[in-house]
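Any read-out appearing in this document is the output of simple, stated calculations on the displayed coordinates, not a laboratory observation. All values reported here derive from a predicted model rather than from experimental measurement. As a convention, Cβ positions derive from the backbone with ideal geometry for all residues, glycine included, and neighbour counts pool all protein chains shown.
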Amino acid sequence: MKSKKIIIIVSIVIILLVIVGITAFVILTNKKDEENAKQILTEYVGLINDDKYEELYNYLTTEAKGKITEEDFLARNKNIYEGIDAENIKIELQSLEKENNTYKLSYNEKMYTSAGEISFSNVANIEKEGKEFKIDWNSTYIFPQLRDADKVRVSTIKAKRGSILDRNGNALAEDGKIAQVGIVPGKLGENKDSSISQISNLLGVSTDFINEQLSASYVKDDTFVPIKKISDSNTELKEQLLQIPGILINKVDGRVYSLGKEAGHLVGYVQTINAEELEENEGKGYNTNSLIGKSGLEKAYEDTLKGTDGTDIYIEDENGNKIRDLATQEKKDGQDVKLTIDSSLQSKIYEQMKDDKGFFVVMEPTTGELLALVSTPTFDSNDFVIGLTTDQWNALNNDESKPLYNRFLQSYCPGSTFKPVTGAIGITTGKINPDEDLGYTGTSWQKDSSWGDYKVTTLTGYNGPKNLLNAIMHSDNIYFAQSALKIGTSTFTENLDKIGFNEQLEFPLTLTKSTYGEIATEGKLADSGFGQGNIEVNPIHMASIYSSFANDGNMIKPNIEYGKETEILKQNAFTEDAANTIKDALIQVVENEQGTANDMKIEGTTIAGKTGTAELKQSKEDTESGTLGWFDCFTIDRQNGDDMLIISMVENTQNNSDGGSHYLIKKIRTLF
C-alpha cells in the first residue's frame, strides 16, 4: 500500500511538471510571437524612414500581395511619402490583442511633413504564416482614413522670400522674373539640326542635352520643352534666340540680383536645398523644392529672409473630391533685410576694380555703417540662379584669379598701413615719445652685430628729425622697427590682443581673424612694427582700428544692418592723445608735399591716409611671391557730412609703375 501511494504521488508530480512545462512553453512561445509581431511593424516603419520602399513588399501577407502588385505597391508608398516630404516617422506601441493567428497592434504614429506634423492612432494586423510574421497591408497603413482608391494630394502656395535692400531701399536681391528659354519641337522647321546647333551655341548647352530633352516621353509637337533659364534683362541674347524657329521664351519666377557682379561676394545667391541641408534644417519648414541661401548675405540672413510656403496635404477620392485634410500650414512671407550699403558707391568701386585682384571696404567712420564691400574678380549671382553650365562652373573654379574667393573676408599682411597702429600702441603705453628724434641716418639699420646680416631697410631717406610725424609722413620702416623694440614683445602683443587680434569679430559673414603669429626674435618684432613679420589683418577689422583715429581712441563696431545703433567695439583702444596724434600725422601724409600720399590731396576735403606695400616673399631669394598695395584713409568733417573711411588693397603690384598705393589713390579720387 505504501509503495502504491508513493507511485501515485510521483505520477501526480510528473503530470504537474509536464503541465507546468507545457504551460510555460506556451506562454514563452506566445510571448516570443508577440515580440516578433511588434518587431515586424517596427522594422517596416524603419524601412520607410530609410527610403527602402523596395524592401517593404516582402513584409506583406500572401493575401495582401494578392490585392496589389509589387510595382503598384512600391509606387503608391514612394509617391505618397516622398510627395509630402515625410521624415522622422515614429510609432509608439499601445496594446496588443491576439485573435487566432492574428495579432492586432494598436499604436500611435507621427511624422514630420512639408505641412508640419501629422499624427494619428492606428491598428496593424500582423499574421503568422508558418514561422514568419507578415503585415496584412492596405492603404490605411499609410493613413487610417486613406482607402485604396483614394489619393494623397499636396497643394502649395508659394511664400515670398524677403528682399535684400540697400540703405536707400533699392533691391539688391528680390523675387522677380527670369526668362525660361524653351523649344516647341513642331516649329523647329526643316533645318532642325542647324537650329539646335545655334541654340546650343547661344545658351552654352550641348546639342546632346537639347536632343535628350526633346526626346522625353511627354514631349509632343506642340509641347513647350524648357532648355535653359537666362536673365530677363539680357535683351540681346533674347533677340538672337527669337530669330531661331521653334524658340519660345516665357517668364518664370526667380531670384533677381540687380547689381550682379558688382555685389556678388557680398549678396551671394540662393539655390535649391540639397539633402544634407534639408537634414540640417529639419523642422524649419523646408521641403525638397525649397530655395536656401548658399553664400553671402543670402546665407547669413537665411532665417530672416526665408518664407514658409503655405501647404495643404489632403485626401482626394477617385472622383477628385477633397474628403479630408491631413495637415495644413499657413503661408508666411520672409522679412526684408535693409543694409547700410550704398549701391551707387558699390557700383562705382566695382567699375574701378573689376580688372584687378583686390578689395575695398568703405565705412562711415563715426557710426560704423559699411557703405560698400567689394571683392574682385567676382561672379554674377544671377548665373547661379539661372544655372551654370559645366563649362562655366569649371571656368570659375579653375580661374587663377580666384573669382569665387571673397577677399574682404580674409586677412593679409598690411605693410606700412600698420605703422599708425604701432605708433598708437607706443604712445598709449608711454613707450614712445612722438617728439623724440631717434637720430639715425641712412636707409638701413640694425640694432647691433648680433643681428648678423639682417638689417631693416627703408625706401628713401629724408631730412629732418626722425620723429613720429616724419616717420609716418615718409613711411619710415626704421623708425617703427625701433619703436617696436622699445615697446617690447609682451606689451606689443598684449595691446594687439586689446584691439581685437586673435579674436572673432562679430559680423553676419565669417571674417578671418587678425593675427600676429609668433614673435620669437628681435628681428621678427622689428618687422612686425612696420607691418611685416607675421602680422595679418582682416580689412573690416582694420576699418574698425582706423576708426579709432577719428573717434578719440574708440574703435567703432562695423555694421551692415541699416537702423542699428552705433556700437563701440573697443572702448579706449588707444588714448585720446595717441589717436589724435596719429590722426594729425595721417593728415600730413596727404596734405604735406613730402607725404607719401600727397597725390590724394583734394581741395576742400581733409583726408587722413596711409600708403602701404606688403612684401610676400619668404626670403631674399624669393622672386616668385608678389606684393600687396594698400591705401587706407578717412575723411574729416566733410561739408556734406558724408565722411568715409576706406580700406583698400590690390594684389601683385610688383610690376605696377604707379606702385600699389598710388594705383589705388587714382581710383579712390574718382569717388570724391
Which lysines, if any, have their Cα less than 19 Å from the Cα of Lys524, not counting same-chain residues under 8 positions apart?
Lys419, Lys431, Lys447, Lys455, Lys486, Lys617, Lys620
Computed [θ] at 222 nm, deg cm²/dmol, the chain (DSSP H ≥ 4; -39,500 (n - 2.57); rounded to nearest 500)
-9500 deg cm²/dmol
Just the number: Rg to Rh for segment 255-346, Cα atoms, Kirkwood Rh, two decimals.
1.13
Theoretical gain in end-to-end length, Thr140 to Val252 [0.36 nm per residue, Cα-Cα removed]:
36.4 nm
Quick one: helix 489-498 against the long Cα principal axis of the chain, what's the angle to the nearest 10°, folded into 0 to 90?
60 degrees
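Glu518 to Glu503: extension gain in nm, 0.36 nm per residue of separation minus the Cα-Cα distance?
Contour length minus Cα-Cα distance gives 3.8 nm.
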Check: C-alpha center segment 55-108 vs C-alpha center segment 243-267, spacing in Å is 46 Å
Expected unfolding gain across Leu47-Asn108 under the 0.36 nm per residue rule, minus the alpha-carbon gap, is 20.2 nm
Ignoring trypsin sites (Lys or Arg not before Pro) buried by more than 12 other Cβ within 10 Å or outside DSSP loops, the longest site-free run in the chain is 221-619
Could you derive backbone 3J(HN,Hα) for segment 585-601 from the dihedral phi with the Karplus parameters 6.51, -1.76 and 1.60 (θ = phi - 60°), listing whole Hz in sequence and x where the residue is Gly or Pro?
5, 5, 4, 5, 4, 9, 6, 6, 4, 8, x, 5, 10, 4, 6, 8, 5
Label point at Asp658 placed 7 Å out along Cα→Cβ; residues across segment 583-611 whose backbone nitrogen lies under 17 Å:
596-602, 610-611
Length-normalised contact order of segment 33-144, Cα under 8 Å, at least 6 apart, in percent, tallies to 26 percent
Under the 7 Å Cα-to-Cβ spin-label approximation, Asn598 and Thr207 lie apart by a distance in nanometres of 6.6 nm
Set Lys and Arg Cβ to +1 and Asp and Glu Cβ to -1, take the dipole of the chain about its Cα centre, and tell me which of Thr596, Gly612, Asn250 lies farthest positive.
Asn250
May I ask you to work out the translational diffusion coefficient for the chain at 10 °C, viscosity 1.306 mPa s, via Stokes-Einstein with Rh from the Kirkwood sum over Cα pairs, reported in whole µm²/s?
51 µm²/s
Which three extents, in angstrom, do the Cα atoms of segment 164-338 have along their principal axes, listed largest first?
54, 52, 28
Are there chymotrypsin sites (Phe, Trp or Tyr not before Pro) in segment 336-416 that DSSP puts in a loop and that have at most 15 other Cβ atoms within 10 Å, and which ones?
Tyr405
On a 0 to 90 degree scale, rounded to 10, what angle separates helix 192-203 from the longest Cα axis of the chain?
50 degrees
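Do any chymotrypsin sites (Phe, Trp or Tyr not before Pro) in segment 207-252 lie in a DSSP loop with no more than 16 other beta carbon atoms within 10 Å, and if so, which? Please list the in-between numbers first.
Details: sites: Phe209, Tyr218, Phe224; in loops: Tyr218, Phe224.
Answer by residue number: Tyr218, Phe224.
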Calculate the spin-label point distance for Trp393 paired with Asp33, positioning each point 7 Å from the Cα along the beta-carbon direction, and give it in nanometres.
5.6 nm
A 30 angstrom limit on the alpha carbon distance is what I want to check against. Which of Lys228/Lys513; Lys78/Lys128; Lys402/Lys498; Lys331/Lys513 exceed it?
Lys228/Lys513; Lys402/Lys498; Lys331/Lys513
To the nearest 0.05, how large is the calculated FRET efficiency for Tyr562 and Ser215 if R₀ is 41 Å and r is the Cβ-Cβ distance?
0.20
How much FRET efficiency would the formula 1/(1 + (r/R0)^6) give for Ser450 and Lys486, where r is the Cβ-Cβ distance and R0 is 25 Å, rounded to 0.05?
0.90
Please work out the FRET efficiency for the pair Asp584 and Thr69, using the Cβ-Cβ distance as r and a Förster radius of 60 Å; give the result to the nearest 0.05.
0.10
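Thinking of segment 33-144 as a set of Cα atoms, what percent of all their pairs are more than 16 Å apart? Spell out each step's value before the answer.
Numbers: 3598 of 6216 pairs.
Summing the P(r) of segment 33-144 above 16 Å gives 58 percent of all pairs.
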What do you get for GluC sites (Glu not before Pro) in segment 324-430 restricted to DSSP loop and a cutoff of at most 10 other Cβ within 10 Å of the site's Cβ?
Glu400
